[in-house]
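Chemist: Please read through the structure below; I'll follow up with questions.
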Amino acid sequence: MSSNDLLLLHPPSVYDFREKSILYGPVSDLIPSSPVFEMYPLGFLTMTDYLEKRGLNVRIVNLALRMMRDPNFDVPAFLAKQNPKAIGIDLHWLPHAHGSIEIARLVKEIHPDIPVIFGGLSSSYFHEELIQYPCVDYVLRGNTTEPALYELMKVILDGRSPENVPNLTWSAGGELQVNPFKYLPHNLDESDLSPDRMMRMVLRHRDLRSVLPFDGWWKNPITAVFTAKGCAHQCVTCGSSKDAANLVVHCNKPIFRSPQNLVKNMLDISRFSKGPIFLVGDLQQGGDDYVAELMALLKEANIKNEIVFELFRMPPLSFLIEIDRSVQNWSLELSPESHDESIRRVQDTSIAYTNHEMEEIIFAAQKLRCHRIDVFFMIGLPGQTPQSVDETIHYCEHLFKISDERLSCFISPMGPFLDPGSRAFENPEKFGYRMFAKTLEEHRELLVQPSWQYILNYETETMTRAELTEATYDAAENLNALKLKYGRIDAARGNDVAGRIRRARELKEHMDIYMETGENNVNAREKLLGEVHDFSISTVCDKRELFWRRHALNFKLWGIARALISEK
């Protein structure tokens, strides 16, 4: 048996997705992972670093990816071979509500005496409901739990009671115990991503597949570093907004990674990878001095990787100039959500910039060395109508006309769920939403519905779930045609996306008939059995449009070799 102190398991969204007929829809087309949501949280990496620096042995296993890539991968048999002191399962994103609990149940059937620990934002929100499941022993609350997890592991290893472990929810004799929320860091510097630890883990267990972040990572080896946790902004639908973070994880302002530590993590990544590094969060939240110090360090570090900067609000021109002076290869990601400025103001009044202000930033970036500008729009916002969504696509054409090929636009449905803790989730009527689920168990039931229209946990006063799904496919078809017209994609890729949309719409119609009348289309169900790729990936855009510039060799073999030699 394989023995570790802590085994971290990442579940699929739906545990038995290989046996179900579900049209997941395009809800994951604009993120690296598939509808199985096989990308595990960055917290797995920082927790591994924190615990192993203190002498514990940690293993990460991406069960979702293993199940995707190998139809014959036997999860119970794999788990039976493991013998850790504790098992951690993430329930960070709510779409894992089904898979996380089912994996925990399976673990308890096979290893009834091994404690099961849950963590993540959704775990923190639903901690009192989650601890009622017999397969869950502990829930760690918070968006930064490394020290609390270390304290809990010491308690487990020593056989002591956990009443002094901060941020912990647990059960004693059937009685709910909620320990005080005492741990909230001043910064994020105490735990790093440490990619060398991942490479050593691969060698230690002779298991590369379990550590890969998501399907297709070899072709699109993007990495990410959190610049901050928590947020200064108040986006209505975001589970990490200021109010949501305060409610769920007691974080009433952003907690930053220092400029020095941020650059250290980027350098660590650059030693083994040539792929892009995405800085999660708008650096402007840290203030002018923070940005100035970071830019000076980046200039000195001379990192060759593409660095992707995220903007929540439009910056002064001087911000772009500083990036251009300090970074060799850089790109921008903008998320105006809607072309309609009034809808944008509802989403967050603090960052409600105008289209003109955004276009000025696009013009300025394209006069500098910016390699790429991605502009993201969303469907399912308060006050949005099918006509408004159509007008957003017309605005995309306007952006194509006034910019060069470095700019592209993307649109996707928001979902499948409104984030727990977000202002829209907490006060749906106030923001024009109708909810179809509020509890954890209700969301688990939604996830196994046969079509993504019925998986959505919301609709708005201006768009039903049926209208939202139709508006999504309409927008996808029209935007795909514009990308062909303005040379953002080639004919083969555009025709492939158009065909995927057409087939997905046909299947959706069959699933709608089944939901409304009970009339079962066996052919449609057979097509969807265990299917993830053909009808639910690249149906609002080709997934490869999100790939960054590739190199003949994406990885630095000498850097990898040094890490592996160190492990030996």
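The values are calculated or read from the model by the stated rules, or taken from the named source; none is laboratory data. Nothing here was measured: the structure is a model prediction, and the numbers come from that model. Neighbour counts run over all protein chains shown; Cβ positions are idealised from the backbone, glycine included. All accessible areas refer to the heavy atoms of the entire protein, side chains included, with ligands and DNA or RNA removed. Shrake-Rupley method; radii C 1.70, N 1.55, O 1.52, S 1.80 Å.
Chemist: Rounded to the nearest angstrom and ordered from largest down, what semi-axes does the equivalent ellipsoid of segment 135-212 get from its C-alpha gyration tensor (root of 5λ)?
Modeler: Equivalent ellipsoid of segment 135-212: 28, 17, 11 Å, largest first.
Chemist: Work out the FRET efficiency for residue 496 and residue 219 from their Cβ-Cβ distance, taking R0 = 22 Å, and round it to the nearest 0.05. Could the numbers behind the result be given before it?
Modeler: On the way: r = 17 Å, r/R0 = 0.75.
Efficiency, from the Cβ-Cβ distance: 0.85.
Chemist: Of all the accessible heavy-atom surface of segment 1-149, with the other protein chains kept in place and a 1.4 Å probe, what percent is carbon and sulfur?
Modeler: 49
Chemist: With the Cα gyration tensor of segment 198-341 giving a ≥ b ≥ c as the square roots of its eigenvalues, does the rule (a/c under 1.5 for rounded; else a/b larger than b/c for prolate; else oblate) give rounded, prolate or oblate? Walk me through the numbers on the way to the answer.
Modeler: Values: a/c = 1.72, a/b = 1.26, b/c = 1.37.
It is oblate, given that a/c is not under 1.5 and a/b is not larger than b/c.
Chemist: With Cβ to Cβ distances under 10 Å as the rule, what net charge do the other residues near residue 473 carry (K, R +1; D, E -1)?
Modeler: Here the count lands on 0.
Chemist: Please list log₁₀ I(q)/I(0) at q = 0.15, 0.16, 0.26 Å⁻¹ for segment 407-492, using the Debye equation with identical point scatterers on the alpha-carbon positions.
Modeler: For segment 407-492, the Cα-only Debye profile gives -0.66, -0.71, -1.25.
Chemist: Still on this model: Per DSSP helix of 4 or more residues, -39500 (n - 2.57); summed, then divided by the residues of the chain. What does that give at 222 nm, rounded to the nearest 500?
Modeler: Mean residue ellipticity at 222 nm (helix-derived): -12500 deg cm²/dmol.
Chemist: Further, regarding this structure: Among all the lysines, which ones have a C-alpha under 23 Å from residue 367's C-alpha, if same-chain residues fewer than 8 places away are not counted?
Modeler: Counting by Cα, and skipping residues close in sequence, residue 367 has these lysines nearby: 299, 304, 401, 483.
Chemist: Let me ask something additional. Taking only the alpha-carbon positions of the chain and ignoring solvent, what does the Debye formula give for the base-10 log of I(q)/I(0) at q = 0.06, 0.12 Å⁻¹?
Modeler: One equal scatterer on each Cα of the chain leads to -0.29, -1.31.
Chemist: Using only the alpha-carbon atoms of segment 31-128, report the extent along each of the three principal axes, biggest first, to the nearest angstrom.
Modeler: That gives 35, 29, 28 Å along the principal axes, largest extent first.
Chemist: Taking all protein chains in place and a 1.4 Å probe, what share, in percent, of the accessible surface of segment 207-363 do carbon and sulfur account for?
Modeler: 54
Chemist: A further question on this structure: Between exposed GluC sites (Glu not before Pro) in the chain, where DSSP calls loop and at most 11 other Cβ atoms lie within 10 Å, what's the longest gap?
Modeler: 164-404
Chemist: I need the fraction of alpha carbon pairs in segment 188-241 separated by more than 16 Å, rounded to a whole percent. Can you show the working numbers first?
Modeler: On the way: 888 of 1431 pairs.
Taking all Cα-Cα pairs of segment 188-241, the fraction more than 16 Å apart is 62 percent.
Chemist: Further, regarding this structure: Taking Cβ-Cβ under 4.7 Å as the only way to count a partner, pick out the unpartnered cysteines of the chain.
Modeler: 135, 231, 251, 370, 541
Chemist: Right, another one. Full-extension gain between residue 516 and residue 267, please, as 0.36 nm times their residue separation minus the C-alpha to C-alpha distance.
Modeler: Gain on stretching residue 516 to residue 267: 84.2 nm.
Chemist: Regarding segment 53-201, what are the three Cα extents along the principal axes, ordered largest first, in Å?
Modeler: That works out to 44, 39, 31 Å along the principal axes.
Chemist: Using the Kirkwood radius over C-alpha pairs as Rh, can you work out the diffusion coefficient of segment 172-268 via Stokes-Einstein at 37 °C, viscosity 0.692 mPa s, in µm² per second?
Modeler: Diffusion coefficient, whole number: 198 µm²/s.
Chemist: Test of understanding: express the Cα radius of gyration of segment 354-397 as a ratio to 2.2 N^0.38 Å, with N the residue count.
Modeler: Compared with the compact-globule rule of thumb, segment 354-397 sits at 1.40.
Chemist: Now for a different question. Can you work out the accessible area per residue across the chain, with the rest of the protein chains kept in place, probe 1.4 Å, in square angstrom?
Modeler: Here the residues of the chain average 39 Å² of exposed surface.
Chemist: Roughly how many whole Å is it from the C-alpha centroid of segment 135-190 to that of segment 341-373?
Modeler: Going from one Cα centre to the other spans 42 Å.
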